[in-house]
Amino acid sequence: MGDMANLTFTLASGRKLGVTGFGDSAAERVVVFCHAAPGSSVFDPDPDASSNRNVHILAFDRPGYGSSDPLPAGTWPSITQAADDIAEYLRSMNRDEASAGINRPDSIGIAGWSAGGRIALAFAARHPELADRVAIIGTPAPNEAVPWIDPQLQAMSDHLATLAPDAALAQLSEMLQPQADAVNSADEVGDVPLDLLGASAVDDAVLALPGAHDRLGRMLKDAFRQGAVGVAADILSYTARPWGFDVADVAAKTLIVNGQADALSGNAHASWYQKAMPDARVEMMPGVGHLAVIPAWDRVLSHLAPGTKRR
């Protein structure tokens, strides 16, 4: 079966959400990590960095990935829904812990890699009382601001946007099923194709780090357990529909990290976000591509959870 979320949480709607915890579950500082597309909650970008801090890291499977139920019939996938799911979980956790005499601060740090960066930003924009620091790593800007989506793909998304949500999701899932098949047919996690994550030759040095390739492979195996519905939902949420929030509403202190050699979302993307947000800084990583989250993770945690490094 491979790696799966640690637990499932039932949302008020009855939908199940897969949740994975890393680091120190008793730590006062909570950090949320939003996975890439395709992706799932089982991926810890750098386990050494994660365990080297007094932080409780939580990750969530978006609908249709890993252990999370797909969205109910007739619902358009949305970035804001994924962000609101996380907020619902955290508010429930805070209530449960408070009644048990555990009082963590309500405010957390939230990070997102690639597509996950949009979820992190939506969370901070919509739930400002829950997020005081944000980091986005290799997150593409809106296509109309910094063109990066293949025009044929965008045209297809525009067509899908005219359909009912179930039909759009079914069509795109069917088109993406070969990705799921390619991942699921790999016998070893080390054989899982990583080009689905925007990895290119420039990422070879990162993939040579101990365990990196296997951790990404395990994440992709988990991501496609329900077929291609998770990644199809993710793609529709940002190509076929409006994002549903304004990046300018992110008041939290934000770190934008991009690989200098990232063909998918390099410098132009980083500077678009920096200009769009009131309190944001950019750090570019030389010689690093779209897998920047792995070498950047220690830096990201130092931004999201300052002063938590174990001596």
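The values are calculated or read from the model by the stated rules, or taken from the named source; none is laboratory data. What you are looking at is a predicted structure, and each value in this text was computed from that prediction instead of being measured. With ideal geometry, Cβ positions are generated from the backbone for all residues, glycine too; neighbour counts draw on all protein chains shown.
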- Message: Condition check: of a type outside the set (D, E, K, R), closer than 26 Å to H303 by Cβ and modelled with pLDDT under 95. Does A263 satisfy that?
- Response: yes
- Message: Quick check on this structure: which one of G116, G109 is farther than 21 Å from H269 by Cβ and crowded, with 19+ Cβ neighbours inside 10 Å?
- Response: G109
- Query: Taking only pairs six or more apart or across chains, which ones have beta-carbon atoms under 6 Å, a first residue in region 246-270 that is in contact (Cβ under 8 Å) with a residue 60 or more places away in the chain, and a second residue that is crowded, with 20+ Cβ neighbours inside 10 Å and of a type in the set (K, R)?
  - Reply: A252/R133; K253/R133
- State yes or no: is A180 in a helix (DSSP H, G or I) and without any contact (Cβ under 8 Å) to a residue 60 or more places away in the chain? yes
- Message: Looking only at region 178-201, filter to residues that are of a type in the set (G, A, S) and out of contact with any Leu (no Cβ under 7 Å at 6 or more places or on another chain); which one of those is nearest to F224 (Cα to Cα)?
- Response: A180
- Query: Among the residues of region 239-268, which ones are assigned to a loop (DSSP other than H, G, I, E, B), touching a Pro at 6+ places or on another chain (Cβ under 9 Å) and crowded, with 18+ Cβ neighbours inside 10 Å?
  - Reply: A240, R241, V250, A252, A261, L264, S265
- Every residue from region 241-279 that is over 18 Å from the mean Cα position of the chain (by Cα), of a type in the set (D, E) and more than 13 Å from A122 (Cβ to Cβ): D279
